[in-house]
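The values are calculated or read from the model by the stated rules, or taken from the named source; none is laboratory data. Predicted model, so just to flag it, every value in this text is computed and none were measured. Cβ: placed from backbone, ideal geometry, glycine included. Neighbour counts: every protein chain shown. Please note that ligands, DNA and RNA were not included when accessible areas were found on the heavy atoms of the full protein model with its side chains. Shrake-Rupley method; radii C 1.70, N 1.55, O 1.52, S 1.80 Å.
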Amino acid sequence: THTEAMERVAALGVPVLPTFIDAEPHYLGRADWIRLMGLMTGKGREADALGAEITANVARLKQQAAAQPRTRLLWA
């Protein structure tokens, strides 16, 4: 639905790169998009640091969740 806008912006000489971040199948995929955008905008170091922070936080949360006792429940 945005192709007309992209064509107008491209006609003005503005580089256009369509992205499909919302279609990422894995939740950590967005961290990789941050890294890619950082590389494309000259902020690769900052984007890598943020991506590493996100990945570390996910690992920490997974570890905390794994340490929790299992609870039986019924979802209906």
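Against the definition (outside any loop (DSSP other than H, G, I, E, B), without any contact (Cβ under 8 Å) to a residue 24 or more places away in the chain and among the aliphatic types (A, V, I, L, M)), how does Ala10 come out, yes or no?
yes
For the stretch 35-55, what are the residues that are surrounded by 13 or more Cβ atoms within 10 Å (Cβ to Cβ) and within 25 Å of Thr3 (Cβ to Cβ)?
Scanning the stretch 35-55 gives Leu36, Met37.
Would you confirm, using the coordinates I've provided, whether Arg30 is surrounded by 12 or more Cβ atoms within 10 Å (Cβ to Cβ) and among the basic types (Lys, Arg)?
yes
If you scan the stretch 1-16, which residues turn out to be modelled with pLDDT under 85 and either open to solvent by 100 Å² or more (accessible area, probe 1.4 Å) or among the aromatic types (Phe, Trp, Tyr) (or both)?
Passing the criteria: Thr1, His2, Glu4, Glu7, Pro15.
Within the stretch 40-55, how many residues are over 14 Å from the mean Cα position of the chain (by Cα) and assigned to a helix (DSSP H, G or I)?
Result for the stretch 40-55: 4.
List the number of the failed condition for Tyr27; all other conditions in (1) within 22 Å of the chain's Cα centre (by Cα); (2) in a helix (DSSP H, G or I) hold.
For Tyr27, the failing item is (2).
Would you point out the residue of the stretch 58-76, among those that are assigned to a helix (DSSP H, G or I) and surrounded by fewer than 11 Cβ atoms within 10 Å (Cβ to Cβ), that is farthest from the chain's Cα centre (by Cα)?
Selected residue: Ala66.
Inside the stretch 27-76, can you point out the residues that are of a type in the set (S, T, N, Q), under 30 Å from Leu17 (Cα atoms) and without any contact (Cβ under 8 Å) to a residue 12 or more places away in the chain?
Within the stretch 27-76, Thr41, Asn57 qualify.
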